[in-house]
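Here is the structure we will look at, set down as structure tokens.
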Amino acid sequence: MIAYIVNLATLVAIFGIAAASMNLLIGYAGIFSLAHGAFFGIGAFAAAQLALNLTPDLLLAFLAAASLSIALSLCLALPALRVRGEYFIAASLGLQMFAVTVFHEAPSLTGGHGGLAGIPQATLLGIEVGTPWRFLAVAAVTLVLSLLLIQILMRGSFGRALMAMRDAESAAMAFGKNIPLLKTLAVAAGCGLVGIAGALYAFHISFVIGDSFTLEQSVLLQAMVIIGGAGTLAGPLVGTLLILLLPAALTFMPMIPPTEIGTVQQFLYGAAMTLLMIFRPGGIAGQSVGRR
Amino acid sequence: MILRRQFLVGAAATVAAPSVLRAQGAAYVLGTLFPMSGANAEFGTMYLNGVQLALDHIAADKMLKNGIDLRPIDSQGTAQGGAVGMTRLANVDRASYVLIGFTGVSKAAAPIGDRAKVVMVNGGGVGPDLATLSPYFWNILPLANQEVRAVLPFIKEKGFKRIAMIYTEDPSGMAVHAELKSGLPGVGGELVGAYGVAPTLTQFAAIAAQVRDVRPDAVFFASVSGVQAVQIVKQLRDNGISQQIMTYSTGNLPSVSALPESEGLVFTGQSADWAATEPTMKRFVTGWREKLKSEPTTYGLNYYNATLLFAQLAKGLEAAGKPVSGETLREEMLRVRTFQLAGGEVTFAENGTASTGVQLNQVRGGRIYKIA
């Protein structure tokens, strides 16, 4: 049982980082991206390739994953500078679909449809950290550091400028804020962070495949942020806990027949999400719009 | 007054009691890691139906001293679902034997099962890379590369010299390509054109034109997708290719065999004769039809057999007075190697891959006939 809980907790930490990075875009900058799953994958593939061909060092994997994600995030920042709202969503959707095609059709980089298997256990400065408890500790520390970084950034002038841009882009521009630069930095920071989450994911699962980073993954990350509470520090973590642990908890209910477990799980899960959105639209940890 | 020796004996008995009781009567935990929700839930249900039918038969026959406790976990058909589900089955449910489906799920779950020494049995995925995942990962169906060898004698018999091939660029498609490329010279043939396509592609007019240009005697296609297979056959015929078309087990799908353009299609497939008189197969077919009111499928058969295999292994261990665990199940499999399952004898190789029979079929008038 302990091993199972440790495994779930590690996933919560990894997806907590990914959701927090998504929150940077949605919650603080008002950039609704549907391509976050792709950057999660880019980080995962970068770390996997590094581990399989060079070294399983986690710090180097973080560096490679974040650098590649940030570099490629310019592909997302470019449309973000020119369009806003639903037009940006459509542009990011296109990028997500493009990325998934590359994941599947570039076997030398991603293993193609077969994925990359046999990723070795992670090391950190020469110390083996692949055991479940150690990896949980590493993932949890990375999560805490990520949240701290976001908190520091959002309390400073950069964060206030992002929130001003989110609330009224024209007004922020009128006050002299460099909107294109702000958007580029926000996208780069969000994508860099989700790249790190992707690297952790690759080491944790030991196997990466393009199917894990589809549009569904992007939507799942969005759901974690919106359900938990966009624009709050704790919100993405609460959303992650709910989305990852609720289905796991349901499997322990003995009254659900084995053959119907999937159907019942989907039904309860969907109903819970709908009720949450009706009675607490700002998310579980979110504040009212007026107070935010 | 209790003497110290009596106290120690009592304490030892108290500590040992649960494990003794467990050894005497606790049910064996059998896990399943199938997609039970989402787009692939249909497959998961089909797999589970095979497992449950086998459990009914095992219980009716009183094959084991202890019962079997089924723990189905929804893998959602994803790698992450596979990793989480396998961790739970290995560490919470303490399953010693897990039935698994889907290549991505299998690859993510295999390292976890390997570490926990849990036997995992695949009855759905055909990618050849599944043969080398772990000593504890077994395949109870012929993998794509094994299956395609059965078509070579047919090519020789018909005197086909020039073969063109369309294959999906995934592990199974690429393995079939490699197998055919290396096998054709041995039967006097050659691969005159090979066209790799994405598993999601549905437009084949341009490829059909290229195939026509190389003037093949026959065309072989390898795709696990029924939707894609239908499009390949239809568009090859629509674009004027009248030569023999061949494929592997995808031809078994009703959507493919029922297609008018599939007339004459030759395909390999796992041996599965629903009209067989062999008692275990007859019982499976009858049981499936009675319980599920539908025709049996090879997927259902594979998981039925995988469950029967567990019962036979556990029975052997019970007879030898050994505990049932992943390690002992593997030892027993390596000791016995050949098992009598539905459809006949199945022999496992050292790596846990079964060599089941493969047959050659042909579509005639929308029906499937065994030709070799």
Exercise. State the percent of C-alpha pairs, over all pairs in chain A, separated by a distance greater than 36 angstrom.
Key: 15 percent
Quiz item: How much net charge surrounds A:L124 when only the other residues with a Cβ under 12 Å from the Cβ of A:L124 are counted, with Lys and Arg +1 and Asp and Glu -1?
Solution: -1
Self-check item: Helix runs (DSSP H) in chain B reaching 27 Å along axis by Cα, Kyte-Doolittle at least -1.0
Solution: B:4-25, B:41-61, B:298-319
Self-check item: Separation in nanometres of the label points that stand 7 Å from Cα toward Cβ, at B:S255 and B:R149
Solution: 3.1 nm
Quiz item: When the Debye formula is applied to the Cα atoms of the protein assembly as shown, each taken as the same point scatterer, what base-10 log of I(q)/I(0) results at q = 0.08, 0.12 Å⁻¹?
Solution: -0.68, -1.28
Quiz item: How big, in percent, is the set of alpha carbon pairs in the range B:27-167 lying more than 26 Å apart?
Solution: 32 percent
Quiz item: How are the Cα pair distances of the range B:102-258 distributed, in percent, across 10 Å bins from 0?
Solution: 11, 37, 32, 14, 5, 0
Quiz item: What FRET efficiency would be calculated for the residue pair B:K156, A:L246, taking the C-beta separation as r and a Förster radius of 41 Å, to the nearest 0.05?
Solution: 0.10
Quiz item: For chain B, modelled as a GNM with alpha-carbon contacts under 10 angstrom, which of B:P111, B:P72, B:P260 fluctuates the most?
Solution: B:P260
Quiz prompt | Virtual paramagnetic centre 7 Å along Cα→Cβ of B:V227, amide N under 14 Å, in the range A:82-100 | solution = none
Practice problem: Search the structure for amide H atoms under 5 Å from the amide H of A:G282, placed 1.01 Å from N in the peptide plane, and list their residues when 5 or more places away or on another chain. | Solution: none
Quiz item: What distance in nm separates the simple spin-label points at A:I89 and A:Q121, each placed 7 Å from Cα in the Cβ direction?
Solution: 4.5 nm
Practice problem: Mind sorting B:W138, B:W288, A:W133, B:W274 by how few other Cβ atoms lie within 10 Å of their own Cβ, fewest first? | Solution: A:W133, B:W274, B:W288, B:W138
Quiz item: Using a Förster distance of 45 Å, how high is the FRET efficiency between B:T347 and A:R82, based on the Cβ-Cβ distance and rounded to 0.05?
Solution: 0.10
Exercise. Would you work out the charge dipole size for the range B:92-194 about its Cα centre, treating the Cβ of every Lys and Arg as +1 and the Cβ of every Asp and Glu as -1, and quote it to the nearest 20 debye?
Key: 180 debye
Practice problem: Tell me the label-point distance for the pair B:R335, B:D69, using the 7 Å Cα-to-Cβ offset, in nm and rounded to one decimal. | Solution: 2.5 nm
Quiz item: List the lysines whose alpha-carbon lies under 29 Å from that of B:K117, not counting same-chain residues fewer than 8 positions away?
Solution: B:K62, B:K65, B:K107, B:K315, B:K322
Self-check item: Share antiparallel - DSSP beta bridges, chain B, percent rounded to 5
Solution: 30 percent
Quiz item: Once fully extended, how much extra length lies between A:A171 and A:T101, figured as 0.36 nm per residue of separation less the alpha-carbon to alpha-carbon distance?
Solution: 21.3 nm
Quiz item: Using a Förster distance of 45 Å, how high is the FRET efficiency between B:I371 and A:W133, based on the Cβ-Cβ distance and rounded to 0.05?
Solution: 0.20
Quiz item: What dipole magnitude, in Debye to the nearest 20, does the range B:175-235 give about its Cα centre under +1 on Lys/Arg Cβ and -1 on Asp/Glu Cβ?
Solution: 160 debye
Practice problem: Just subtract the alpha-carbon distance of B:K181 and B:A206 from 0.36 nm times their residue separation and send over the number in nm, one decimal. | Solution: 6.8 nm
Quiz item: Nearest 20 debye, what's the magnitude of the dipole of the range A:139-230 about its Cα centre given +1 on Lys and Arg Cβ and -1 on Asp and Glu Cβ?
Solution: 380 debye
Exercise. Relative to the compact-globule scaling 2.2 N^0.38 Å, provide the ratio for the alpha-carbon radius of gyration of chain B.
Key: 1.13
Quiz item: Quick one: which of A:203-215, B:45-57, B:201-213 comes out on top by average Cβ neighbours within 10 Å, and what's the full order, highest first?
Solution: A:203-215, B:45-57, B:201-213
Exercise. Specify which residue in the list A:I256, A:L268, A:G111 is farthest towards the positive end of the charge dipole of chain A, using unit charges on the beta carbon of Lys, Arg (+1) and Asp, Glu (-1), about the Cα centre.
Key: A:L268
Quiz item: With the Cα gyration tensor of the range A:1-139 giving a ≥ b ≥ c as the square roots of its eigenvalues, does the rule (a/c under 1.5 for rounded; else a/b larger than b/c for prolate; else oblate) give rounded, prolate or oblate?
Solution: prolate
Quiz item: Relative contact order of the range B:76-129: what whole-number percent is it, with Cα pairs under 8 angstrom and at least 6 residues apart?
Solution: 41 percent
Quiz item: Say we join alpha carbon atoms closer than 10 Å with springs in a Gaussian network model of chain A; which of A:A48, A:A186, A:A248 then has the biggest fluctuation?
Solution: A:A248
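Bear in mind that the values in this text are calculations on the coordinates, not laboratory data. Computed from a prediction, not measured in an experiment: that's the story for all the values here. In this analysis, Cβ positions are derived from the backbone assuming ideal geometry, glycine residues included, and neighbour counts consider all displayed protein chains.
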